[in-house]
Amino acid sequence: MTEDPYRLLASYITQGARVCVLTGAGISAESGVPTFRGGGGAPIWRNYWDPTKLSHRDLLYKDLKLVWDWFDYRREIIKQCEPNPCHILLADIERMLGFEGFTLVTQNVDGLHVLAGSQNLIEMHGNMWRAKGLRCTHHQPLTESPLQEPIPQCAVCGGPLRPNVVLFGENLRTRDWNAASSAAETATVVLVIGTQAEVYPASELPALGKANGAFLAVVNPEPTGLSRIADLVFEEKAVPFAQSLSKYLDLP
Ligand code: OAD
């Protein structure tokens, strides 16, 4: 008889595990956040005509207002969204295993993992509710939406602010990549939820974990490049997955 896959994953998670979770746009789809590349019937961002252009570093210097228009449009939609049961389950698993035993790496900039209460969280692509100076090193929260001015200004130097997100053409912050790759390398379980796993270098983390002996589980309603190397594939959406898995976990 085949073992129940949720029971199997739950046993890996609870048996003295170090868990590294990688999430992408798909985990927020059932909260109402559009994805970038679709899949699983999820809507995609309107006007997302070319990610490598609209979310590209070069545009900061060519048309900063357009960058803010694009982010403000997304912030308007996302501010109405709430964490769903899968975001909440991940925060609960962190509380169950403790900060040291659980690292959540997300490519999402929507801030929903923060709202769900996750703490050992690496937001690899930044967070759209924060801004930083285009010409200075100041960082500041930026929660007003819609923005009061087309290009918000730095509270310290008065120069233009930009979204505190990683754009195409930019590198991840070194400390984020070091922390994320180290979490994947030392994990006993790598759980990947709702990502097409096409954007480098986040896309490398599952294979890095697997190469270092981790048990790799993938949750996605569509097959992805990771399906081949995964030990377990849950071909379903994030919320029903979370509801099924939580039955087998002794959550706080
Ligand atoms: P994508 O939009 O590329 O992929 C979303 C994935 O979620 C697809 O594989 C879908 O099949 C899956 N999916 C859809 N609905 C789902 C659901 N309800 N539950 C689980 N999975 C579901 O998003 P990412 O892989 O996150 O980067 O994209 C990675 C990066 O590309 C983003 O961070 C962004 C983008 O360009 C930047 O902006 C720098």
- Looking only at segment 60-91, count how many residues are part of a loop (DSSP other than H, G, I, E, B) and more than 16 Å from the chain's Cα centre (by Cα). 3
- Does segment 76-86 include one or more residues that are more than 30 Å from Ser246 (Cα to Cα), among the acidic types (Asp, Glu), buried (at least 16 other Cβ atoms within 10 Å of the Cβ) and modelled with pLDDT of 85 or more? no
- Item | Residues of segment 230-252 satisfying the condition of being acidic (Asp, Glu) and more than 12 Å from the ligand (Cβ to nearest atom) | Asp231, Asp250
- Taking segment 178-200 and keeping only residues that are within 13 Å of the ligand (Cβ to nearest atom) and open to solvent by 20 Å² or more (accessible area, probe 1.4 Å), one is left with Gln196, Ala197, Glu198, Val199, Tyr200
- Scan segment 233-247 and give yes if some residue there is in contact with a Cys (Cβ under 8 Å, 6 or more places away or on another chain) and closer than 30 Å to Leu60 by Cα, otherwise no. no
- Note on the structure: In the set Glu94, Glu100, Glu144, the lone residue that is of a type in the set (D, E, K, R), at pLDDT below 95 and within 26 Å of Cys20 (Cα to Cα) is Glu100
- Might you let me know whether segment 49-59 holds any residue that is outside any helix (DSSP H, G or I), open to solvent by 10 Å² or more (accessible area, probe 1.4 Å), among the hydrophobic types (A, V, I, L, M, F, W, C) and modelled with pLDDT under 95? yes
- Message: Out of the residues in segment 204-229 meeting the condition of being over 14 Å from Ala183 (Cα atoms) and free of Cβ contacts under 8 Å to residues at least 24 places away in the same chain, tell me which one is nearest to the ligand (Cβ to nearest atom).
- Response: Pro223
- Task: Scan segment 3-39 for residues that are among the small types (Gly, Ala, Ser), open to solvent by less than 60 Å² (accessible area, probe 1.4 Å) and more than 20 Å from the chain's Cα centre (by Cα) and jot them down.
- Result: Ala10, Ser11, Ala17
- Which pairs have Cβ atoms under 7 Å, sit 6 or more apart or on different chains, and link a residue in segment 105-119 that is assigned to a strand (DSSP E or B) to one that is acidic (Asp, Glu)? Thr106/Glu123
- Message: Residues to consider are Arg175, Arg135, Arg162; find the one that is buried (at least 16 other Cβ atoms within 10 Å of the Cβ) and more than 15 Å from the chain's Cα centre (by Cα).
- Response: Arg162
- Item | Conditions (1) within 10 Å of the ligand (Cβ to nearest atom); (2) touching a helix residue (DSSP H, G or I) at 6+ places or on another chain (Cβ under 7 Å); number of the one not met by His56 | (2)
- Exactly one condition in (1) assigned to a loop (DSSP other than H, G, I, E, B); (2) more than 23 Å from Val166 (Cβ to Cβ) is not met by Glu94; state its number. (1)
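The values are calculated or read from the model by the stated rules, or taken from the named source; none is laboratory data. Being a predicted model, the structure only gives us computed values, none of them experimental. All Cβ positions, even for glycine, are placed from backbone atoms using ideal geometry, and neighbour counts span all protein chains on display. When the accessible area is computed, the model is the full protein with side chains, heavy atoms only, and any ligands, DNA or RNA have been set aside. Shrake-Rupley method; radii C 1.70, N 1.55, O 1.52, S 1.80 Å.
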